[in-house]
Amino acid sequence: MTAPDNWQKSSFSGGGDGSNCLELASTPTTLHLRESDTPSTILTTTPTPFTHLLDAVRAQAL
């Protein structure tokens, strides 16, 4: 699998050197997440399970 080249940093990354953040990239069928400190480790998923994860996180934050 070829890693995507359209990585975007989280808007919650804050200032500083920018090396402590979550990055997201997408292809037409998958989402890719990585930690900026270890960019060679990539979590790949599809939109549906990722949406379920975000819904669960949001529900716990209430």
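The values are calculated or read from the model by the stated rules, or taken from the named source; none is laboratory data. Since we're looking at a predicted model, the values are computed, not measured. For neighbour counting, all protein chains shown are included, and Cβ atoms are generated from backbone atoms with ideal geometry for every residue, glycine included. Note: areas computed on protein heavy atoms with side chains; ligands, DNA, RNA excluded. Shrake-Rupley method; radii C 1.70, N 1.55, O 1.52, S 1.80 Å.
Side notes on the structure shown:
- All positions within the range 28-62 that are closer than 16 Å to GLN8 by Cα, aliphatic (A, V, I, L, M) and open to solvent by 90 Å² or more (accessible area, probe 1.4 Å): LEU43
- In the range 1-27, residue modelled with the lowest pLDDT [restricted to those that are open to solvent by 60 Å² or more (accessible area, probe 1.4 Å), closer than 20 Å to THR45 by Cβ and charged (D, E, K, R)]: ASP5
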